1. Among all residue pairs at least 6 apart or on different chains, which show Cβ distances below 8 Å where the first residue, located in the range 382-395, is touching a residue at least 24 places away in the same chain (Cβ under 8 Å) and the second is part of a loop (DSSP other than H, G, I, E, B) and surrounded by 11 or more Cβ atoms within 10 Å (Cβ to Cβ)?
2. Could you go through the range 224-233 and let me know if any residue there is in contact (Cβ under 8 Å) with a residue 12 or more places away in the chain and in a loop (DSSP other than H, G, I, E, B).
3. Can you name the condition, by its number, that residue 400 falls short on among (1) touching a strand residue (DSSP E or B) at 6+ places or on another chain (Cβ under 7 Å); (2) under 19 Å from residue 280 (Cβ atoms); (3) part of a loop (DSSP other than H, G, I, E, B)?
4. Test residue 198 against the criterion of being in the same structural domain as residue 140 (by TED's automatic domain parsing) and under 25 Å from residue 319 (Cβ atoms), and give yes or no.
5. So for the range 67-80 (the condition being farther than 25 Å from residue 237 by Cα, modelled with pLDDT of 85 or more and in a helix (DSSP H, G or I)), does at least one residue qualify?
6. Out of everything in the range 417-446 that is at pLDDT 90 or above and surrounded by fewer than 17 Cβ atoms within 10 Å (Cβ to Cβ), what residue ends up being farthest from residue 396 (Cα to Cα)?
7. Within the range 201-216, count every residue that is within 22 Å of residue 234 (Cβ to Cβ) and either out of contact with any helix residue (DSSP H, G or I) (no Cβ under 6 Å at 6 or more places or on another chain) or not assigned by TED's automatic domain parsing to the domain that holds residue 257 (or both).
8. Within 20 Å of the chain's Cα centre (by Cα) and more than 17 Å from residue 378 (Cα to Cα) - does that describe any residue in the range 407-428?
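The values are calculated or read from the model by the stated rules, or taken from the named source; none is laboratory data. What you see is a predicted model, and the numbers here were worked out from it, not measured in a lab. Here the Cβ positions follow ideal geometry from the backbone for every residue, glycine too, while neighbour counts run over all protein chains shown.
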């Protein structure tokens, strides 16, 4: 995969170690948070090469030094000085603007909107405005968006989702959402169903088949906890008149280990959650209050953050998808075909194929253009494959979106044509994955 300016912040930024954001100019895609609080991590340039050569990941949210600096209260307050914002843009962002994969977003003031420090919270939007003004002065404001990722602690009410309300009643969140609307930037929220899971709601949190939860305010039925969390944010934003602001999942994930926290901790649970997550957010089904759409989503995290948490058994440390030698802790279909569980840097040794190596599926890339996907759908169904399951009454008719129907047809074509990688290219709008995208009664051929 070629890393493009619309794709990822790569080696130049990684090596300089002062990127402050993620890639993500396109709506609807799945990437990873970097996990830079780990120890014994590979060199940033090696990480960039691994992502480009060995995975289908086309966006990443790193948290190197400047990201951590921007989260510090003192600097955030100082950025209310426009001259400092201009110097920051001139010194750090402008030199990278012409790189092969330039900065796409500046993340500022993580979780500040819910901070008890009112001086800090009230400084957030003025600081964001100054950075945007400085970017505009360098003609970068259309390419680089200023965002402020927030946790669900911003909500005073979230259950049922339709009752969603911001804890500050709009004192900070209303100006923040107004700024995001004006600049075309998404409202990024961190959503972790793991934190709300109980033995009774574990299936609901893991996207498993479950009875669902009815929102008595709307009558809508929720089949998973993430949808409920996102819709609570949407309801809160709508309550303030900002229902048109795009919502993105800035962080989500599931721990592979940890003691004394939550339920369902372990590799198998993490694999299940993240595989189902990727399939769900890219399916085009959306949520009950935000139907027929995909969500730009970042899985936490690339590596374990073993410098975080109160001790070595803390679950907050153990969300990593990959080990420092680039072997996956578990596979959720992010590796390119034939990569399997092999190290990316060390010498490779022959291995026998496993079931997951032999079973592959072709789906549409989450950020693929809808017009292109419609062409893919028409072409694949015109080649004599069975497209009846995506016709009205078919097992795969819902969600009734071009994204979902094209994914099914593209996979049928890929399977019928011999499962060659080039049979899933579709003008670079298709991707091969090793995680079964089937859902409910809708079964994808393999």
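1. The qualifying pairs are 389/395; 389/396; 389/397; 395/443.
2. yes
3. The one condition residue 400 does not meet is (1).
4. Here the answer is yes, as residue 198 does meet what is asked.
5. no
6. Here the residue is 445.
7. Total meeting the criteria: 5.
8. No, every residue in the range 407-428 fails to be within 20 Å of the chain's Cα centre (by Cα) and more than 17 Å from residue 378 (Cα to Cα).
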